[in-house]
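Asks: For reference, the structure I am asking about is given below.
The values are calculated or read from the model by the stated rules, or taken from the named source; none is laboratory data. The model shown is predicted, which means the values in this text are computed figures rather than measured ones. Note that each Cβ is placed from the backbone with ideal geometry, even for glycine, and that neighbours are counted across all protein chains shown.
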Amino acid sequence: MSISPAPGSSPAPDAAPPAPAAPAPDARTARKVAAASFIGTALESYDFYVFGTAAALVLNRIFFPDVDPLTGTLLAFLSLGMGFVARPVGAVLFGHIGDRIGRKKALIWTIVLMGTATGLIGLLPDYGVIGAWAPVLLTVLRLLQGLAVGGEWGGAVLIATEYAPRRRRALYAAIPQIGSPVGTIMVSGTFLLLALASPEAVEAGLWRVPFLLAFPFMAIAIYLRVAIDETPVFKAVESRHQVSRIPLLDVLRSQPLAVLTAVAASLLGIGSYFLMTTYTQSYGVEVLGLSQNTVLNAALVGSVLQLATIPAFGWLATRIGSARVVAGGAVATALISFPLYYLISIADRPLYILTILVGGIAPTAAWAALGGLMADLFPARTSFTAMSLAYSFAGIAAGFTPSATALFAELTGSAWWHPGVVLALMSLITLAGAAGAARMSRTRSVTAGASAA
């Protein structure tokens with residue numbers, strides 16, 4: 001399998017011609033925008049991930065108390081997955097705004113919607129107060145979270161890359177990705193503090209605190225995003241009257257293969273988080289008998305490590321190409337999938353943390369280079385919609401990974417290898433997607449060169 005796109009490769013052959021190049025912004029502005037993009041993504045990641053951690057540790061008892069613990073956990077994971085169902089709708093809605101009106105406006109609306117939905121979960125009456133309405137309203141708010149995230153990631157990567165120097169686009173595309181581990185650190189730290197309280201106090205109301213923190217976080221993110229100017233690339237598209245009238249139709253008509261390829265390439269980077277944290281946290285506590293502190297500490301330490309590995313893989317992508325980095329992460333993850341979960345199955349506290357720490361490095365490569373891979377696949381006039389759609393469809397599969405793995409655990413009697421099968425399968429699909437993205441970029445480059453000649 002050949003993975004050989006040059007760094008900064010051209011869009012895919014089924015994509016529309018890219019917009020004319022915009023004037024390069026100064027390096028200071030590019031760094032400022034990248035930092036603001038990262039901070040906004042970190043806060044949005046916190047909002048989204050706090051639900052995943054709560055689903056693994058407490059929401060089953062708060063909103064599904066009339067079923068056995070395993071079924072309650074499964075139902076909580078299903079409500080987690082429902083947020084991903086709304087993502088494509090959010091991708092279309094905010095993609096339309098981002099490709100027609102501007103990246104900045106779309107990103108302000110995503111953070112408002114996400115922060116409001118997350119904060120309202122913290123105010124939601126539980127099952128003991130309003131009965132079956134509690135899980136129904138919980139699912140509705142989770143759907144609103146998914147709607148917001150459907151437009152967040154694509155826009156965050158775009159504002160970073162559309163301000164970036166051409167030779168460093170892959171590195172700048174990795175900067176918003178750092179928001180994911182920062183969000184995890186914030187969530188894990190918050191729940192570790194809650195773990196100092198008694199389980200009764202947590203279930204009585206302290207579980208609401210992480211969700212209520214979304215309100216002040218939202219205010220910070222809005223302030224930062226209002227201060228960002230519209231990207232020079234979108235301004236160039238606008239000034240040349242190349243704005244797409246209906247971005248979704250343009251994407252479906254001219255870029256369907258590129259979208260499918262990007263979906264496959266995204267699966268490991270997104271899905272590994274929900275398998276190796278959300279599901280594995282529940283698995284570690286409910287099946288392996290580890291403490292909540294142990295699994296939360298493992299997630300926390302692993303996320304701290306990603307603060308170094310994500311920019312390192314982003315830098316590597318500027319040297320060898322984003323598709324190669326994604327493919328390398330997929331191959332490495334496939335190779336370690338079964339050893340990783342064998343070690344987890346026999347682990348005590350130190351070994352569990354070490355295994356999660358080391359095992360998380362390989363899929364981080366696929367995550368770090370994903371933004372650069374997608375930015376190379378799609379033209380500027382529809383890139384917000386196309387990237388958001390691809391990310392959202394991959395997110396649907398990833399969001400149901402914990403519940404699907406929990407069902408697989410029941411079928412296999414929680415055999416130690418059952419999560420390894422899921423992780424290896426995601427890795428192989430991502431490898432195929434990265435190879436396809438590389439082939440598209442290579443073919444496009446050859447075609448462009450022949451036309452120029």
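Asks: Residues of region 376-394 being farther than 18 Å from ALA432 by Cβ and among the small types (Gly, Ala, Ser), which ones?
Replies: Listed by number, the residues that qualify are ALA380, SER383, ALA386, SER388, SER392.
Asks: Report yes if some residue within region 417-425 is assigned to a helix (DSSP H, G or I) and surrounded by 24 or more Cβ atoms within 10 Å (Cβ to Cβ); otherwise report no.
Replies: Kept after step one, since they are assigned to a helix (DSSP H, G or I), are these residues of region 417-425: 418-425.
Going one step further and asking which of them are surrounded by 24 or more Cβ atoms within 10 Å (Cβ to Cβ), we end up with 419, 423.
Yes: one or more hits.
Asks: Out of everything in region 329-353 that is under 19 Å from the mean Cα position of the chain (by Cα) and small (Gly, Ala, Ser), what residue ends up being surrounded by the most Cβ atoms within 10 Å (Cβ to Cβ)?
Replies: So in region 329-353, the residues under 19 Å from the mean Cα position of the chain (by Cα) come out as 329-330, 333.
Cutting the leftovers down to small (Gly, Ala, Ser) gives us 329-330.
Values: GLY329: 28, ALA330: 31.
The residue in question is ALA330.
Asks: Pull up region 239-259, narrow it to residues that are under 20 Å from MET440 (Cα atoms) and either polar (S, T, N, Q) or touching a residue at least 12 places away in the same chain (Cβ under 8 Å) (or both), then point me to the one that is surrounded by the most Cβ atoms within 10 Å (Cβ to Cβ).
Replies: In the first step, residues of region 239-259 are kept if they are under 20 Å from MET440 (Cα atoms); the result is 250-259.
Now drop any that are not either polar (S, T, N, Q) or touching a residue at least 12 places away in the same chain (Cβ under 8 Å) (or both), which leaves 250-251, 254-259.
Working: ASP250: 19, VAL251: 30, SER254: 17, GLN255: 27, PRO256: 12, LEU257: 15, ALA258: 27, VAL259: 22.
Restricting to residues being under 20 Å from MET440 (Cα atoms) and either polar (S, T, N, Q) or touching a residue at least 12 places away in the same chain (Cβ under 8 Å) (or both), the top hit is VAL251.
Asks: Got a number for residues in region 398-437 being at pLDDT below 90 and closer than 19 Å to GLY269 by Cβ?
Replies: 6
Asks: Okay, next question. If a residue has to be out of contact with any Gly (no Cβ under 9 Å at 6 or more places or on another chain) and either closer than 14 Å to SER322 by Cα or not in a helix (DSSP H, G or I) (or both) to count, how many in region 379-406 make the cut?
Replies: Number satisfying all stated conditions: 1.
Asks: Which of the residues that make up region 158-168 are crowded, with 24+ Cβ neighbours inside 10 Å and either among the small types (Gly, Ala, Ser) or over 14 Å from PRO232 (Cα atoms) (or both)?
Replies: Of all residues in region 158-168, those crowded, with 24+ Cβ neighbours inside 10 Å come to 158-164.
Once the filter is applied, which keeps residues that are crowded, with 24+ Cβ neighbours inside 10 Å and either among the small types (Gly, Ala, Ser) or over 14 Å from PRO232 (Cα atoms) (or both), region 158-168 yields ALA160, ALA164.
Asks: Among the residues of region 291-311, are any free of Cβ contacts under 8 Å to residues at least 24 places away in the same chain, under 26 Å from MET114 (Cβ atoms) and of a type outside the set (Asp, Glu)? Can you show your working first?
Replies: Step one: list which residues in region 291-311 are free of Cβ contacts under 8 Å to residues at least 24 places away in the same chain, which gives 308.
Add one more test, that the residue is under 26 Å from MET114 (Cβ atoms), and what stays is none.
No, there is no match, as no residue in region 291-311 is free of Cβ contacts under 8 Å to residues at least 24 places away in the same chain, under 26 Å from MET114 (Cβ atoms) and of a type outside the set (Asp, Glu).
Asks: Checking VAL182 against (1) surrounded by fewer than 24 Cβ atoms within 10 Å (Cβ to Cβ); (2) more than 16 Å from GLY40 (Cβ to Cβ); (3) aliphatic (A, V, I, L, M), which test does it fail?
Replies: (2)
Asks: THR364: in a helix (DSSP H, G or I), modelled with pLDDT of 95 or more and either among the hydroxyl-bearing types (Ser, Thr, Tyr) or on the phi > 0 side of the Ramachandran plot (or both), yes or no?
Replies: Numbers: in a helix (DSSP H, G or I): yes; modelled with pLDDT of 95 or more: yes; either among the hydroxyl-bearing types (Ser, Thr, Tyr) or on the phi > 0 side of the Ramachandran plot (or both): yes.
Criteria met by THR364.
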